[in-house]
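The values are calculated or read from the model by the stated rules, or taken from the named source; none is laboratory data. Computed from a predicted structure; not experimentally measured. Here Cβ is always computed from backbone atoms with ideal geometry, including for glycine, and neighbour counts include all displayed protein chains.
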Amino acid sequence: MKVPAKKYINLMLAVISMLCISNSQAGLSSLCEPHVFSWVRDSDANPVDGTIGEQQLSFTVSEATGIDGVIFRFENKGQRPCSLTDIYLESSLGTLEGILLLDGSDGVSFSQGADPGNMPRWKKVDFEPTSGMTAGSNSPAVSQNGIDHPDEWLSITVATQAGLDQICQELDNQDIRVGIHVQAFDDGGSESFITPEPVSMAILALGGLFLKRRRKI
């Protein structure tokens with residue numbers, strides 16, 4: 001059954017309105033909504049591994065206690081083999097000032113300063129991490145020291161004078177972006193991922209696509 005264009009547009013506007021209300025209340029919460037990642041595509045990349053990373057990897061942001069900062073907490077919630085080994089933070093407005101602390105669960109060992117200094121395929125998404133804002137799992141067992149199990153996590157405390165609501169908003173606006181390098185997929189490959197565009201932008205894009213198709217009818 002076809003949905004009339006007017007009803008479809010009203011539905012889209014209602015969903016976007018709910019998202020805006022949720023975002024406006026971000027300052028009332030001590031935690032940003034969980035953020036997922038989008039696979040950085042390339043001709044030599046593996047779409048199966050890309051799908052696994054998009055489904056299993058995520059992070060949250062919360063207020064740090066007793067200091068001017070926020071905590072980025074990374075997790076790998078899934079059963080398919082892969083290990084998050086490098087993390088890159090890009091703060092285009094300079095809101096994030098530097099890494100203060102790395103803290104991981106048992107089996108996770110990271111140090112400040114990722115190797116390589118930027119994620120593979122970074123040019124595909126015009127990504128440049130802020131100086132001093134990278135972290136990587138420790139060698140020699142790089143993948144084993146990464147986040148490779150559902151019960152493992154890594155928290156990165158980052159200095160900032162901004163409140164949590166501003167950090168959440170900058171993530172939604174992509175003024176703050178997070179890139180990751182993930183290794184040890186089942187086929188032995190590795191892939192790059194980055195925070196995607198906000199959900200509201202995707203909804204608007206779908207709405208525009210629908211209207212274009214309607215005009216062609």
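Data overview
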| quantity | calculated |
| --- | --- |
| Search result, residues across the range 111-127 that are without any contact (Cβ under 8 Å) to a residue 24 or more places away in the chain, within 25 Å of residue 43 (Cβ to Cβ) and either part of a loop (DSSP other than H, G, I, E, B) or of a type in the set (Gly, Ala, Ser) (or both) | 117, 126 |
| Condition broken by residue 114, with the remaining ones in (1) over 17 Å from residue 160 (Cα atoms); (2) within 15 Å of the chain's Cα centre (by Cα); (3) crowded, with 20+ Cβ neighbours inside 10 Å satisfied | (2) |
| Number of positions in the range 13-49 that are at pLDDT 90 or above and either farther than 15 Å from residue 77 by Cα or part of a loop (DSSP other than H, G, I, E, B) (or both) | 9 |
| Single residue of the range 83-110 satisfying the filter (of a type in the set (D, E, K, R) and in a strand (DSSP E or B)) that is surrounded by the most Cβ atoms within 10 Å (Cβ to Cβ) | 86 |
| Some residue of the range 67-77 being in a loop (DSSP other than H, G, I, E, B) and closer than 20 Å to residue 160 by Cβ | yes |
| Every residue from the range 156-173 that is buried (at least 21 other Cβ atoms within 10 Å of the Cβ), outside any helix (DSSP H, G or I) and out of contact with any helix residue (DSSP H, G or I) (no Cβ under 8 Å at 6 or more places or on another chain) | 156, 158 |
| Scan of the range 107-157 for residues that are among the hydroxyl-bearing types (Ser, Thr, Tyr) and more than 26 Å from residue 62 (Cβ to Cβ), ordered by number | 139, 143 |
| Scope the range 128-155; condition touching a Leu at 6+ places or on another chain (Cβ under 8 Å), more than 12 Å from residue 96 (Cα to Cα) and part of a loop (DSSP other than H, G, I, E, B); matching residues | 146, 148 |
| Residue within the range 73-85 that is more than 27 Å from residue 149 (Cβ to Cβ) and touching a residue at least 40 places away in the same chain (Cβ under 8 Å) present | no |
